[in-house]
1. Consider residue B:320 against the criteria (1) within 14 Å of chain A (Cβ to nearest Cβ); (2) surrounded by 14 or more Cβ atoms within 10 Å (Cβ to Cβ); (3) under 23 Å from the mean Cα position of the chain (by Cα); (4) outside any loop (DSSP other than H, G, I, E, B): it satisfies all of them except one. Which criterion is unmet?
2. Does residue B:87 count as under 18 Å from the mean Cα position of the chain (by Cα), surrounded by fewer than 24 Cβ atoms within 10 Å (Cβ to Cβ) and either outside the structural domain of residue B:150 (by the TED database) or assigned to a loop (DSSP other than H, G, I, E, B) (or both)?
3. Among all residue pairs at least 6 apart or on different chains, which show Cβ distances below 6 Å where the first residue, located in region A:313-325, is in contact (Cβ under 8 Å) with a residue 40 or more places away in the chain and the second is crowded, with 16+ Cβ neighbours inside 10 Å and part of a helix (DSSP H, G or I)?
4. Quick check on this structure: which one of A:55, A:22, A:48 is assigned by the TED database to the domain that holds residue A:185, crowded, with 18+ Cβ neighbours inside 10 Å, touching a strand residue (DSSP E or B) at 6+ places or on another chain (Cβ under 9 Å) and closer than 16 Å to residue A:112 by Cβ?
5. Give region A:130-157 a look and list any residue that's in contact with a strand residue (DSSP E or B) (Cβ under 6 Å, 6 or more places away or on another chain) and closer than 21 Å to residue A:99 by Cβ, or say none.
6. Given (1) touching a helix residue (DSSP H, G or I) at 6+ places or on another chain (Cβ under 6 Å); (2) within 15 Å of residue A:109 (Cα to Cα), identify the lone condition not met by residue A:23.
7. Out of A:8, A:32, A:66, report the one residue that is part of a strand (DSSP E or B), touching a helix residue (DSSP H, G or I) at 6+ places or on another chain (Cβ under 8 Å) and within 27 Å of residue A:279 (Cα to Cα).
8. Is at least one residue of region B:260-274 buried (at least 16 other Cβ atoms within 10 Å of the Cβ), at the interface with chain A (Cβ under 10 Å from one of its Cβ atoms), outside any loop (DSSP other than H, G, I, E, B) and at pLDDT 95 or above?
């Protein structure tokens, strides 16, 4: 007799989320409830079309349950895992709000999201819960229900130590999730050192991602334009120093690895894609949290600070474009605050 | 008997250039030859339409001579003054090439252009010539022969010391040019300290101009978004320090003056306008030359350096947009140079 399927709620059905849903249902060990908003009607009617380097062409894929609200989702709980694959933009909206109502005592939360320090808000909101980290290498995007997937799914899963549960218990949940997710077509492995992995990925994201978004150039063009030596490497070195202050040693050779990771492609990193689409950017979890650590540990990060402050202005521009800020047509004539 | 008119060649008929032509012909003391390219046929046929805060509505204004090539211009020489009002982008084209053939021994060159250190190339190319500096406060733009002019013309004229001519001789030329230019409607005054004026203007241009261009926000929005304290003032302070190393003391109160100079307007500075139009930016003469002085004098300018390096990438993007750089559709798979 097979054990009952684990119940997984997925929040955020972008490219990563749809492929996670597919992987989790592939083994028939998990029963996925997908919480989606904008695409709901289309997905109910037609399902997803997936063109995948790992799975081939799939039409009409529907997770076991497709729901529009967290109230509807709760009907299919209690959830063993809640997998969060949304963008993480705490200055715009609180990601925990989207799924808080469906968290029960037994729920493990899996943050399959970009960035650094993202577990902090989760632990504050759900103290004592086990929270897993998913660091994903996958090139996939969901365009109105059609998912293009061109880079094989490689997912590292580990746990952010919650300081309450035993190591063994947290490890067990990590392994349980990997068992649900892994199959022959893809790679899902244990991430033994979540902190290291997140710092490692940040070496790329805090440099190419941020600079590309500011100057509207992909990784290849930044390099063609001479940006590798003038900006990318000096920015990476600042990340190395903050990581070291946080107890994580990154090897110098990592710079070259990152610099060559998109060789052969004019690759546009996610923040650049967001800016080009007019979406808000994941600024706080890519730079803001790092700057806080740098400040706490007295590490000088002049370049990261300028990049952050500039991108903060870009975020303001995007907010206005998205109607979150409304300015009068004529600029008010007032004494501006110039406080120092 | 009136003295014969002074001969003035104007190179670059944007908003500033057309209004300079108009001012110079207004007193009937100067005979203007205008060297233009793209608008030539239209100007020959219809002249300029000018909507001016200083002069009112003018239709069909034509400078005395309108020419398309420097060879044609030479027919109306020798020139007492060559007034250069083009953009100054030495990394894209050499501005001196446009008028070098029309410079004779008696010619005084007037650089009515943005930026810092712009006289260096002129002195190298035309050693011993008197070179005047024009620092203009004017809000005007030429859209295909229609010139909108909304801020009254205020022009400071001084001389860049050429190290050859006497002070008196250089002062005399300065006064001569002002006499040609000034009239009741506008303000044209002696600039007693060209170096000071150029540093002063740079406090604005090196901060609002560059940051606005990078984040695609006008001056008002930069301030609404909190950029005054995070970026504008720290950038201005770096300019203050480089100026001090160059012997120029700028008063702290200048920061506030500059910050409030566009109060009441959502003002887009020139570099932002250039980026929005897809034009190349005046990067070298606004930041590049300042960085050289900072380097010579061992002044640390971390923010200016990052802004420069980022805008260098923006310049690359604009070059590609303008067809000056052609990249293959597929990124070549080669070992990138990563030299340090």
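1. Unmet for residue B:320, out of (1) within 14 Å of chain A (Cβ to nearest Cβ); (2) surrounded by 14 or more Cβ atoms within 10 Å (Cβ to Cβ); (3) under 23 Å from the mean Cα position of the chain (by Cα); (4) outside any loop (DSSP other than H, G, I, E, B): (3).
2. When the stated conditions are applied, residue B:87 passes them.
3. Listed pairs, sorted by first residue: A:314/B:215; A:315/A:283.
4. The match here is A:22.
5. Hits for region A:130-157 are A:130, A:131, A:132, A:133, A:134, A:135, A:136, A:155, A:157.
6. (2)
7. On the way: A:8 fails: within 27 Å of residue A:279 (Cα to Cα); A:32 fails: within 27 Å of residue A:279 (Cα to Cα).
Of the residues listed, the single one that is part of a strand (DSSP E or B), touching a helix residue (DSSP H, G or I) at 6+ places or on another chain (Cβ under 8 Å) and within 27 Å of residue A:279 (Cα to Cα) is A:66.
8. No, region B:260-274 has no match at all.
The values are calculated or read from the model by the stated rules, or taken from the named source; none is laboratory data. What you see is a predicted model; the values in this text were computed from it and never measured. When we count neighbours, we look across all protein chains shown, and the Cβ atoms used for this are built from the backbone with ideal geometry, even at glycine.
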